[in-house]
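Colleague: The structure follows.
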Amino acid sequence: MSENTTAITAMESLEQMIGSHQNGLSQNTENRKTGIEQLDTFLEIIKRRNPTENDFHEVVEEVMESVWDLIEKNPAYKNLNILERITEPERVLMFRVPWTDDNGYVHVNRGYRVEFNSAIGPYKGGLRFHPSVNLNILKTLGFEQIFKNSLTTLSMGGAKGGSDFDPKRKSDAEVMRFCQSFMTELYRHIGPATDVPAGDIGVGSREIGYLFGQYKRLKNEFSGVITGKQPAWGGSNLRPEATGYGLVYFVQDMLRTRGTSFKEKRVAISGSGNVAQFAAEKAIEFKAKVVTLSDSSGFIYDANGLDKKKLSFIKELKNEKRGRIKEYAEAFDGVEYHKGEKPWIIDCQIALPCATQNEVDEKDVKIMVKNGLICLAEGANKPCRPAAMHRLLNEMILYGPGKAANAGGVAVSGMEMGQNGSFTSWSREEVDNRLQKVMHNIHEQCMLHGLDKSSGYLNYNKGANRAGFIKVADAMIQQGVV
Ligand code: NDP
């Protein structure tokens, strides 16, 4: 189907039905009459309605820039006010999370769940436990998640949640008490057909276990309400690996468009958590030389490249001992530790930011391009500042935005939901095959919607935004004003 052949018939009939009442659909009636024709005017509405949420403003702008001409061509998108509806979460939950530490002191954190859009399936998106968590960040990530989930072609809406709780330096018992308190409120709002959270920064298999255990106890039911579970009790094979492996499969397709591959390429990775570890593992398997990893204290540079043994050390250090990345430099010869710095100063041809949002700025891109960068793909969500992204696009570097490149994680989460629903369990090979197909399909969608025919440049960001948006916007129209 071509881009412009949206579900126009359904739209037209709805439009006629609603007809002259359309101005009453919006709280911003005056704005709509006077100027929602213009992207700038629409962005002003977003800023007024969501003051101080700068990251959210940026993500809305970035998506809308990519799809604005589609909106102009399809009057139903404007007339049924898809713009304001798609940028307003369906529901935002914010709640108190009290918990007691090992010394008997009582602490209070804030819990959130942003249920952004359920047009194409139950709300789906990770939970993040990190001191930087706030409504601005979660709305930003929840908005991204809508289009990412749409790209996977699975039936999942968009959501994000979490807390400003920091699991670092907490005992297992403290993390368990926090997770139980968090779920004691959240359980009322989620369910296998309503909202299915997963992990994210600070929420790994330990936290998923505690969250699931408390849900099961409160609801007296064993259901697929959360993904990222252990395979022995309802989890999918390959879920931990899925985001990192999927990222590398996607980059493989990107490199193919320039007639090249991972072989012997120098790869800089940031982060050393779930996504970074498995991106490194697959890149090494594809014969790349992974030279950096990082955490929030600094990065290590291993000029010889990581291998399987060194990666096992990282997994044990980070997943079991919960240590710091600098211990890698102490354990292996010839490794530099750069305190307080980011890996982007090291020569590389492929950069995979896999730590957190806003970790790559324009200056970093300038340095990387000078050093011979050919591809940057986002394992993390929104790691590139807008100026960094624009620089990558202007330099015609292969740029894989997170909503496409890191969608492997949520895709396998969707597969976990499917396996839970049918009480089956697929083998690692089966999940891996399906993951490769999903990533390949996302790449195809980006090509279909993002290829600039005159320059030949493939703008993956534009492609991903357009493909993700059309499906959700059309579903919203077909489901009426809800
Ligand atoms: P983890 O908690 O496993 O790892 C996060 C890594 O990033 C750690 O090395 C952490 O270091 C580092 N980090 C966190 N905050 C900062 C910071 N402010 N500055 C520098 N480094 C930082 O998380 P994941 O690997 O699961 O997630 C990483 C990114 O990937 C996130 O953006 C997440 O949203 C995204 N993502 C994750 C998916 C998944 O399946 N897990 C799916 C899709 C996207 P430290 O230990 O010092 O905090």
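The values are calculated or read from the model by the stated rules, or taken from the named source; none is laboratory data. Everything numeric in this text was worked out from a predicted model, so none of it was measured. For neighbour counting, all protein chains shown are included, and Cβ atoms are generated from backbone atoms with ideal geometry for every residue, glycine included.
Colleague: For Ile46, which of the numbered conditions (1) out of contact with any His (no Cβ under 9 Å at 6 or more places or on another chain); (2) farther than 17 Å from Met389 by Cβ fails to hold?
Modeller: The failed condition is (1).
Colleague: Looking at region 368-378 only, could you name the residues that are touching a helix residue (DSSP H, G or I) at 6+ places or on another chain (Cβ under 6 Å) and either in a helix (DSSP H, G or I) or within 11 Å of the ligand (Cβ to nearest atom) (or both)?
Modeller: Met368, Glu378
Colleague: Further question on the same structure: Check whether at least one residue in region 184-197 is away from the ligand (no atom under 11 Å from the Cβ), among the basic types (Lys, Arg) and not assigned by TED's automatic domain parsing to the domain that holds Lys318, and report yes or no.
Modeller: Scanning region 184-197 turns up at least one residue that is away from the ligand (no atom under 11 Å from the Cβ), among the basic types (Lys, Arg) and not assigned by TED's automatic domain parsing to the domain that holds Lys318.
Colleague: If Thr243 meets every condition in (1) within 14 Å of the ligand (Cβ to nearest atom); (2) closer than 19 Å to Phe332 by Cα; (3) in a helix (DSSP H, G or I) apart from one, which number is that one?
Modeller: All conditions are met except number (2).
Colleague: Okay, next question. Counting only residues that are among the basic types (Lys, Arg) and within 12 Å of the ligand (Cβ to nearest atom), how many does region 257-279 have?
Modeller: Of all residues in region 257-279, those among the basic types (Lys, Arg) come to 258, 263, 265-266.
With within 12 Å of the ligand (Cβ to nearest atom) added as a condition, the list becomes none.
Qualifying residue count for the region: 0.
Colleague: What number goes with the only condition from (1) crowded, with 24+ Cβ neighbours inside 10 Å; (2) out of contact with any Pro (no Cβ under 9 Å at 6 or more places or on another chain) that Lys326 does not pass?
Modeller: It is condition (1) that Lys326 fails.
Colleague: Mind counting the residues in region 344-366 that are touching a residue at least 12 places away in the same chain (Cβ under 8 Å) and either in a helix (DSSP H, G or I) or within 14 Å of the ligand (Cβ to nearest atom) (or both)?
Modeller: Selection size over region 344-366: 16.
Colleague: Shifting gears a bit: Would you check which residues across region 401-436 are touching a Ser or Thr at 6+ places or on another chain (Cβ under 7 Å) and more than 14 Å from Gly235 (Cβ to Cβ) and list them?
Modeller: Asn406, Ala407, Gly408, Val410, Ala411, listed by residue number.
Conditions tested, residue by residue: (1) crowded, with 24+ Cβ neighbours inside 10 Å; (2) on the phi > 0 side of the Ramachandran plot; (3) within 13 Å of the ligand (Cβ to nearest atom).
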{"position": "Gly121", "(1), (2), (3)": "no, yes, no"}
{"position": "Lys124", "(1), (2), (3)": "yes, no, yes"}
{"position": "His130", "(1), (2), (3)": "no, no, yes"}
{"position": "Leu135", "(1), (2), (3)": "no, no, no"}
{"position": "Ile146", "(1), (2), (3)": "yes, no, no"}
{"position": "Asn149", "(1), (2), (3)": "yes, no, yes"}
{"position": "Leu154", "(1), (2), (3)": "no, no, no"}
{"position": "Gly157", "(1), (2), (3)": "yes, no, no"}
{"position": "Gly162", "(1), (2), (3)": "yes, yes, yes"}
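Colleague: Are any residues in region 285-299 more than 10 Å from the ligand (Cβ to nearest atom) and under 25 Å from the mean Cα position of the chain (by Cα), and if so, which ones?
Modeller: Glu285, Phe286, Ala288, Val290, Val291, Thr292 - these are the residues of region 285-299 that are more than 10 Å from the ligand (Cβ to nearest atom) and under 25 Å from the mean Cα position of the chain (by Cα).
Colleague: Given the conditions (1) out of contact with any Asp or Glu (no Cβ under 9 Å at 6 or more places or on another chain); (2) within 13 Å of the ligand (Cβ to nearest atom); (3) not in a helix (DSSP H, G or I), which single one is not true for Asn381?
Modeller: Evaluating Asn381 over (1) out of contact with any Asp or Glu (no Cβ under 9 Å at 6 or more places or on another chain); (2) within 13 Å of the ligand (Cβ to nearest atom); (3) not in a helix (DSSP H, G or I) leaves (1) as the failure.
Colleague: Scan the helices (runs of 4 or more DSSP H) fully inside region 125-227 and keep the ones with 2 or more residues being modelled with pLDDT under 95.
Modeller: Once the helices (runs of 4 or more DSSP H) in region 125-227 are filtered for at least 2 residues that are modelled with pLDDT under 95, nothing remains.
Colleague: Right, next: Only one residue in Lys310, Lys318, Lys282 is near the ligand (Cβ under 10 Å from one of its atoms) and buried (at least 17 other Cβ atoms within 10 Å of the Cβ). Which one?
Modeller: On the way: Lys310 fails: near the ligand (Cβ under 10 Å from one of its atoms); Lys282 fails: near the ligand (Cβ under 10 Å from one of its atoms).
Every option except Lys318 fails the conditions.
Colleague: Oh, and also: Is it the case, given these coordinates, that Lys229 is among the basic types (Lys, Arg), within 18 Å of Asn420 (Cβ to Cβ) and within 16 Å of the ligand (Cβ to nearest atom)?
Modeller: yes
Colleague: Considering each of Val431, Val412 in turn, give the residue that is part of a helix (DSSP H, G or I), of a type in the set (A, V, I, L, M) and under 16 Å from the mean Cα position of the chain (by Cα).
Modeller: Val412
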